[in-house]
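Chemist: Quick one: structure below, then a few questions.
The values are calculated or read from the model by the stated rules, or taken from the named source; none is laboratory data. What you see is a predicted model; the values in this text were computed from it and never measured. Here Cβ is always computed from backbone atoms with ideal geometry, including for glycine, and neighbour counts include all displayed protein chains. Side chains are part of the model used for accessible areas, which takes the heavy atoms of the whole protein and leaves out ligands, DNA and RNA. Shrake-Rupley method; radii C 1.70, N 1.55, O 1.52, S 1.80 Å.
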Amino acid sequence: MHRRRYLIGIGMGIGVLASADGRAGTTTRNETDLSLWVLETNAPVDAGTVLEVTARLDNAGSTAVSRDVSLVVGDDRLDTASVTVDGGETETVTLGYETYPVERNVRFPVTVESGALVDERTVGVFGTDDSTFDYVSPADEISVQPGTTVLFEVDSVALGEYGGETSWSLDGDHLGRSFGPWYAEYYATAGADYWQHTFELSGTYEVTAAVAEGYTTNWTVHVDPEGNAAPTVDDARPSPGTLTLTDDETADLEIDVGDSDAGLDRVVWWLGHADVVLDVTDVDGTTATASTTIDSSCHGCPIIAWVIDEEGAVASEHLWTIDAIGEPTLDVSILETNDPVAAGEFLEVTVELENAGDTETTQEVSLTAGDEQVDATTVTVAVGETTRLTLGYETYPVQQDVEFPVTVATDDDAAHRTVTVLADADPSLDVTILDANDPVSAGGVLEVTARVENTGAVTATQTVRLVAGDDQVASESVSVAPGETTRLTLGYETYPVQQDVEFPVTVATDDDADDRVVTVYGAGDSTLDVTILETNEPVAAGEFLEVTARLENTGSVDATQTVVLVVGDEHVDTLSVTVPGETATTVTLGYETDPVERDVEFPVTVASEDDADERTVSVSGTG
């Protein structure tokens, strides 16, 4: 089987998904004051289980904004949540849906939308009838001669859209990760993460590739003088060495390759320095001729051929170096970057440009992060002169520390540097509860004071949350510099529980949490019992009638209630009173009686929220 033909199909599928990805041009993450980001997903997930997507809505304005945030897959709006974000604040929301029970592993884009704001992320779902890995090469057990380099390859939905996540080990010892410009380019072209390892000594070895926690594949490699030998490059046309190209000129390249053991599979043509796969040529049998055409004028760039056989043995040959003449040559060197930076902060890359050609040149200089161009400017450099400039961009919010290549490129040259962006969680805001004002009465305000310390390397801006039981009851945004601490007090009005309760309260940042058990005294069955003690009746019509009542709190905590004087169906007087637990107090209420002509008797009632007492009173008429 020609692996290349199989991999091309995978690569095209990934390419289609990438073209739909907002990062390629359809995403609109920012309005004037609002921005929307996909922070993370729980992908890959098993078919039929819930896929969750966490998004962040930032409000850079001064007033609160309420928006619906929706999860969209294809044309289906599968989940929606309403989010309110105060001015200058950030809110996260997790949306999800139960994936379909597909049989095959699939990758597809999911979109989070809010009005005109859109962000996408490509996710993977493991099919019910598929293995974790869509492609593994070579076979799981091979034999090679000492000194042979083997190319190991894997593809899985767990690798997402861009790959670079596979971790490799040899006999349990970590070798590295498929991360960097060549790995990214190979994944974009071939649809697989790879690793090369040269087995120098005879013996038996185990190579392991892990694409996610719990998802691994293994190879057993026997290294023996009788094993498979690496393929060879037997001849090259033109002869290896300097390849002189003028502007707009192309060159036909051809190599004769051989493999007497496993049989040939393919040739991967690389343009070094630019880190680009020029072409992939399928070959088979024990001898073959591979050819390609190059039209690049990348001055000083090497052309490298990987010759790969059916068992993964690979020979890498640096065959030619391009000498671009008769044109300006703007060479690029990266001098420094300001990484590591915190997610969302500005990453700066300082470069030096040198015109090594024989004419003045004006070119665009671009900065690419991963495979996305994030900044560009136009410069003019005279012959033999150098200039410096700084390019940069605001990094994306990430949940985990990430390393990725940045590339600064002109028409003639490119330079690369691996940079680090520290996750939003990386500053590490540690929290310690210092004090609480408990015990408090049910309905009273419970306050918790905490210390927040930034033990990380960058300034951290996070929301500190107060959680009572399972409910978030208060929050406050803080910004803490590295090594600094701040104090804050969060509080909420406790619930009107009837019984004394103890429960945990937690103060939490994105990185840490501390809890304490607090006490709230319940109102229990205690009531404000009412007893009318006396009145000033009889009174003359039109005069003031007074009623004095005793209020007894039969509970153990303070009771605050409104006490009313009722005549007929009318509340003629009200009074708010607070009576401490297990105590009593007296109150007097009253009103101006109506100017009736005849003597009357009628009931008056004094009522609390829990009890009432009634007394019949007399009013003398005016007639």
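Chemist: Students often get this wrong: which residues of region 252-283 have the backbone nitrogen under 16 Å from the point 7 angstrom along Cα-to-C-beta of HIS318?
Modeler: Under 16 Å, as judged by backbone N against the label point of HIS318, lie 270-276 of region 252-283.
Chemist: Out of all DSSP beta bridges with both ends in region 428-558, state the antiparallel percent to the nearest 5.
Modeler: On the way: 44 of 46 bridges.
Percent antiparallel among DSSP bridges in region 428-558 is about 95.
Chemist: If I fit a long axis through the Cα atoms of helix 181-190 and take the longest principal axis of the Cα atoms of the chain, what angle between them do I get, 0 to 90°, rounded to 10?
Modeler: For 181-190 against the chain, the angle is about 80 degrees.
Chemist: How much net charge surrounds ASP252 when only the other residues with a Cβ under 13 Å from the Cβ of ASP252 are counted, with Lys and Arg +1 and Asp and Glu -1? Could the numbers behind the result be given before it?
Modeler: Details: positive: ARG237; negative: GLU249, GLU254, ASP279, ASP295.
Within the 13 Å Cβ shell, the charges total -3.
Chemist: Dipole of region 337-455 (Lys/Arg Cβ +1, Asp/Glu Cβ -1, origin at the Cα centre): which of THR337, LEU429, VAL445 lies farthest to the positive side?
Modeler: Of the listed residues, the answer is VAL445.
Chemist: Still on this structure, I have one more. Among TYR215, SER178, GLY203, whose Cα projects farthest towards the positive end of the dipole of region 165-255, with charges put on the beta-carbon of Lys, Arg (+1) and Asp, Glu (-1)?
Modeler: Projecting each Cα onto the dipole axis, the largest value belongs to TYR215.
Chemist: Rounded to the nearest 0.05, what FRET efficiency do THR232 and ALA116 have when you use their Cβ-Cβ distance and R0 = 56 Å? Working shown, then result.
Modeler: Numbers: r = 58 Å, r/R0 = 1.04.
So the FRET efficiency works out to roughly 0.45.
Chemist: How do the peptides 436-442, 189-195, 351-357 rank, highest first, by the average count of neighbouring beta carbon atoms within 10 Å per residue? Each step should come with its number before you reach the end.
Modeler: Details: 436-442: 18.0, 189-195: 23.7, 351-357: 19.6.
In decreasing order of mean packing, 436-442, 189-195, 351-357 become 189-195, 351-357, 436-442.
Chemist: On to the next question. Nothing charged except the Cβ atoms of Lys and Arg (+1) and of Asp and Glu (-1): what's the magnitude of the dipole of region 88-144 about its Cα centre? Round to the nearest 20 debye.
Modeler: Rounded to the nearest 20 debye, it is 100 debye.
Chemist: If you put +1 on each Lys and Arg Cβ and -1 on each Asp and Glu Cβ, how big is the dipole of region 509-623 around its Cα centre, in Debye rounded to 20? Walk me through the numbers on the way to the answer.
Modeler: Details: 4 positive and 27 negative charges, 112 e Å.
It comes to approximately 540 debye.
Chemist: Give the angle, between 0 and 90 degrees and rounded to the nearest 10, that separates the Cα long axis of helix 3-20 from the longest principal axis of the Cα atoms of the chain.
Modeler: Its long axis makes an angle of about 40 degrees.
Chemist: What does a probe at THR84 reach in region 424-465, counting residues whose amide N is under 16 Å from the point 7 Å along Cα→Cβ?
Modeler: Of the residues in region 424-465, none has backbone N under 16 Å from the label point off THR84.
Chemist: May I ask for the Rg/Rh ratio of region 429-508, computed from Cα atoms with Rh as the Kirkwood radius, given to two decimals?
Modeler: Values: Rg = 14.0 Å, Rh = 13.4 Å.
On the Cα set of region 429-508, Rg over Rh gives 1.04.
Chemist: Per residue, how much accessible surface does the chain expose to a 1.4 Å probe? Answer in Å², no decimals.
Modeler: Values: 28360 Å² over 623 residues.
It amounts to 46 Å² per residue over the chain.
Chemist: For ASN536, list long-range residues whose amide hydrogen, built 1.01 Å from N in the peptide plane, is under 5 Å from its own amide hydrogen.
Modeler: When sequence neighbours closer than 5 places are left aside, the close amide H contacts are GLU546.
Chemist: Length gain on complete extension for the stretch THR350 to SER333, per 0.36 nm per residue less the alpha carbon to alpha carbon distance? All intermediate terms of the calculation are to be shown ahead of the outcome.
Modeler: Working: separation 17, 0.36 × 17 = 6.12 nm, distance 0.88 nm.
Between THR350 and SER333, full extension yields an extra 5.2 nm.
Chemist: Rank PRO603, THR350, THR41 by how far each Cα sits towards the positive end of the charge dipole of the chain (+1 on Lys, Arg Cβ; -1 on Asp, Glu Cβ) and give me just the farthest.
Modeler: So the residue we want is THR350.
Chemist: Further question on the same structure: Output needed: percent of Cα pairs per 10 Å distance bin for the chain, bins running from 0 to the one holding the longest distance.
Modeler: It works out to 3, 12, 16, 17, 15, 10, 7, 6, 5, 4, 3, 2, 1, 0, in whole percents.
Chemist: First measure r as the distance between the Cβ atoms of TYR97 and THR293, then evaluate 1/(1 + (r/R0)^6) with R0 = 51 Å and state the FRET efficiency to the nearest 0.05.
Modeler: 0.60
Chemist: In cubic angstrom, how much convex hull volume per residue do the alpha carbon atoms of region 221-321 span? Intermediate values should be presented prior to the final figure.
Modeler: Details: hull volume 9.7 nm³, N = 101.
Looking at region 221-321, the number lands at 96 Å³ per residue.
Chemist: Rounded to the nearest 500, what is the 222 nm mean residue ellipticity of the chain from helices alone, with -39500 (n - 2.57) per DSSP H run of 4+ residues and division by all residues?
Modeler: Details: 2 runs with 28 residues, N = 623.
Mean residue ellipticity, 222 nm, calculated: -1500 deg cm²/dmol.
Chemist: While we're looking at this one, here's another question. If the viscosity is 1.002 mPa s and the temperature 20 °C, what Stokes-Einstein diffusion coefficient in µm²/s follows for region 116-241 when Rh is the Kirkwood radius over Cα pairs? Don't skip to the end; give the middle numbers.
Modeler: Working: Rh = 16.3 Å.
In µm²/s, the coefficient rounds to 132.
Chemist: Once neighbouring chains are kept in place and the probe is 1.4 Å, which whole percent of the accessible area of region 268-421 is contributed by carbon and sulfur? Each step should come with its number before you reach the end.
Modeler: Working: 2460 of 6250 Å².
On region 268-421, the fraction of accessible area on carbon and sulfur atoms equals 39 percent.
Chemist: Determine how many Å³ per residue the convex hull of the Cα atoms of region 355-408 encloses. All intermediate terms of the calculation are to be shown ahead of the outcome.
Modeler: Working: hull volume 4.8 nm³, N = 54.
About 90 Å³ per residue, rounded to a whole number.
Chemist: What ranking, highest mean first, results for peptides 145-152, 334-341 when packing means the other Cβ atoms within 10 Å averaged over each residue? Spell out each step's value before the answer.
Modeler: Numbers: 145-152: 19.8, 334-341: 16.0.
Per-residue mean Cβ counts within 10 Å order the peptides as 145-152, 334-341.
Chemist: In whole percent, and with a 1.4 Å probe on the protein chains, what portion of the accessible area of region 138-203 is carbon and sulfur? The partial results should precede the final answer.
Modeler: Working: 1160 of 2400 Å².
Its accessible area is 48 percent carbon and sulfur atoms.
Chemist: With each pseudo-label sitting 7 Å past Cα toward Cβ, what's the THR588-VAL517 distance in nm, one decimal?
Modeler: Simple spin-label model gives 4.9 nm for this pair.
Chemist: Calculate the spin-label point distance for GLU609 paired with GLU372, positioning each point 7 Å from the Cα along the beta-carbon direction, and give it in nanometres.
Modeler: Output for this residue pair reads 5.4 nm.
Chemist: Let's see if you can work this out: charge +1 on each Lys and Arg Cβ, -1 on each Asp and Glu Cβ, no other charges. What is the dipole magnitude of the chain about its Cα centre, in debye to the nearest 20? All intermediate terms of the calculation are to be shown ahead of the outcome.
Modeler: Working: 23 positive and 120 negative charges, 61 e Å.
With only Lys, Arg, Asp and Glu charged at Cβ, the dipole is about 300 debye.
Chemist: Starting from the Cα of ASP173, step 7 Å along the direction of its Cβ; do the same at ASP411; then give the gap between the two resulting points in nm.
Modeler: 4.9
Chemist: For THR485 and LEU201, what is the calculated FRET efficiency with R₀ set at 51 Å and r taken between the beta-carbons, to the nearest 0.05?
Modeler: Numbers: r = 54 Å, r/R0 = 1.07.
Taking R0 as 51 Å, the efficiency between THR485 and LEU201 is 0.40.
Chemist: Residue separation times 0.36 nm, minus the C-alpha to C-alpha distance between GLU364 and SER475: what's the value? Each step should come with its number before you reach the end.
Modeler: Working: separation 111, 0.36 × 111 = 39.96 nm, distance 4.72 nm.
Result for the pair: 35.2 nm of gain on full extension.
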